[in-house]
Amino acid sequence: MIARLQRDFHLAMLSLVGIMVLVCVTPYAIYRYWDGSYLIAAVDSILVVSTLAAVAYAWLTGNTKAAGFFVACMFCAGVVIVVFGLGPVGLFWTYPFIVFIFFLVPPLRALLLLLLVLVTLLLLAALIPGKIFLDGFQLVSFVVTSAVTSFFSYVFAYRMLVQRRQLESMAAQDALTGAANRRQLDQALEFAAGSGRRSRHNEIAMLLFDLDFFKQINDSEGHQAGDAILVELVQLLQKHTRMSDQVYRFGGEEFVVLLEDITQEEALAVAEKLHAVIDKELRSSQRTVSASVGVAVLAPGESWEQWLARADAALYRAKAQGRNQVVMAEMGNPAASKEATPAPCS
């Protein structure tokens, strides 16, 4: 549970808001029932129950965006009802509400919801003078202080969002090539293998690429030339695959392409196409560059480690048979693979 909260910032914030609402609002709901303010007590109770239900939904489904937006809308309605019911005393609840809402939805959406709440309160104050604000000075003071609080909350939330996205990008991408990194690959493989039984129409394939004699290129032409080849390889793989396909750097000069919703025959055809593209377009200043490719389609009930082992075994077979070729792994047998599209060794 802790690990999931560490990975999912929005889920952590939503859970924190749920705890704060439970701890802070529940006592007031009990007091309002005891005091006879049944409408406000009911609103407080609904806010607590709906927030906890949304948090539970987010934990079960992983859909934190929908849960956060639902809670934000409930807060908007709740704060208007509370302020209208309690009058000036209820205005104090708007300030923690302003802060909470920026943890639930994106900054711009939060700002628009706050504007909607503020306009609603001002309309109610105009329709029923003295119900919400004691006088015009209190109204102006509330508008100014709530606007300032909203503005600084927006600036902080927006900056935090930008920095978090930058950190997530740095943590997910290989710094040199821009491909997704090994950590992302492990998560993708684990998710694919654990996402349930797959039918023929939603199989997923792994293509494992390894550049042939890459060390010789580094030794003879320098690491800068080698780095340029790796960058160009990723660009070629991304250019000649679908938007839904993902390219990962497995390590060194090895790369993985995951192909979703594809059959074994289609995966082999894609691997052969990419192999031909590399053989035709990828070259250093002194030589052409070739690649060996191992292909493995996820088998029913197979773990991601077994799946990766079969792809690696197919790649090893391609290397052992002379490199510069595609080899398809046999289903369920890491040691067995069948050769496809051999090409002259480079």
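The values are calculated or read from the model by the stated rules, or taken from the named source; none is laboratory data. As the structure is a computational prediction, the values presented were derived from the model and not from experiment. Cβ placement follows ideal geometry from the backbone for every residue including glycine, while neighbour counts extend to all protein chains displayed.
Set side by side, the residues 314, 309, 291 differ, and just one is free of Cβ contacts under 8 Å to residues at least 40 places away in the same chain and of a type in the set (A, V, I, L, M), which is 309. In segment 184-192 there is no residue that is more than 17 Å from residue 270 (Cβ to Cβ), part of a loop (DSSP other than H, G, I, E, B), at pLDDT below 90 and of a type in the set (A, V, I, L, M, F, W, C). Scanning segment 187-194 for residues that are surrounded by fewer than 18 Cβ atoms within 10 Å (Cβ to Cβ), within 30 Å of residue 253 (Cα to Cα) and either in contact with a Cys (Cβ under 6 Å, 6 or more places away or on another chain) or of a type in the set (Phe, Trp, Tyr) (or both) turns up at least one hit. For residues in segment 27-55 being more than 26 Å from the chain's Cα centre (by Cα), surrounded by 15 or more Cβ atoms within 10 Å (Cβ to Cβ) and of a type in the set (Ser, Thr, Tyr), which is modelled with the lowest pLDDT? Only one residue tops the list, namely 37.
Each residue in segment 125-143 was checked for being in contact (Cβ under 8 Å) with a residue 24 or more places away in the chain and buried (at least 16 other Cβ atoms within 10 Å of the Cβ), and 3 pass.
Could you say which residue among 264, 286 is more than 31 Å from the chain's Cα centre (by Cα) and over 17 Å from residue 210 (Cβ atoms)? So that I can check it myself, show each step before the final result.
Values: 264 fails: more than 31 Å from the chain's Cα centre (by Cα).
Result: 286 is the single residue among 264, 286 that is more than 31 Å from the chain's Cα centre (by Cα) and over 17 Å from residue 210 (Cβ atoms).
For segment 208-321, the strands (runs of 3 or more DSSP E) that sit wholly inside it and include 1 or more residues that are more than 15 Å from residue 185 (Cβ to Cβ) are 291-297.
Please determine, by comparing only the residues of segment 193-207 that are assigned to a helix (DSSP H, G or I) and of a type in the set (Gly, Ala, Ser), which one is modelled with the lowest pLDDT. Reasoning before the result, please.
Going through segment 193-207, the residues assigned to a helix (DSSP H, G or I) turn out to be 193-194, 200-202.
From what is left, the residues that are of a type in the set (Gly, Ala, Ser) are 193-194.
Numbers: 193: 85, 194: 78.
Among them, the one singled out is 194.
Taking the criterion of being more than 30 Å from residue 171 (Cα to Cα), in contact (Cβ under 8 Å) with a residue 24 or more places away in the chain and surrounded by 17 or more Cβ atoms within 10 Å (Cβ to Cβ), would at least one residue in segment 1-20 satisfy it? Checked against the condition, which is being more than 30 Å from residue 171 (Cα to Cα), in contact (Cβ under 8 Å) with a residue 24 or more places away in the chain and surrounded by 17 or more Cβ atoms within 10 Å (Cβ to Cβ), segment 1-20 yields no hits at all. Taking the numbered list (1) modelled with pLDDT of 95 or more; (2) of a type in the set (D, E, K, R); (3) surrounded by 16 or more Cβ atoms within 10 Å (Cβ to Cβ) in turn, residue 273 passes all entries but (3). Within the span defined as segment 144-163, every residue fails to be assigned by TED's automatic domain parsing to the domain that holds residue 70, farther than 27 Å from residue 68 by Cα, without any contact (Cβ under 8 Å) to a residue 24 or more places away in the chain and surrounded by 12 or more Cβ atoms within 10 Å (Cβ to Cβ).
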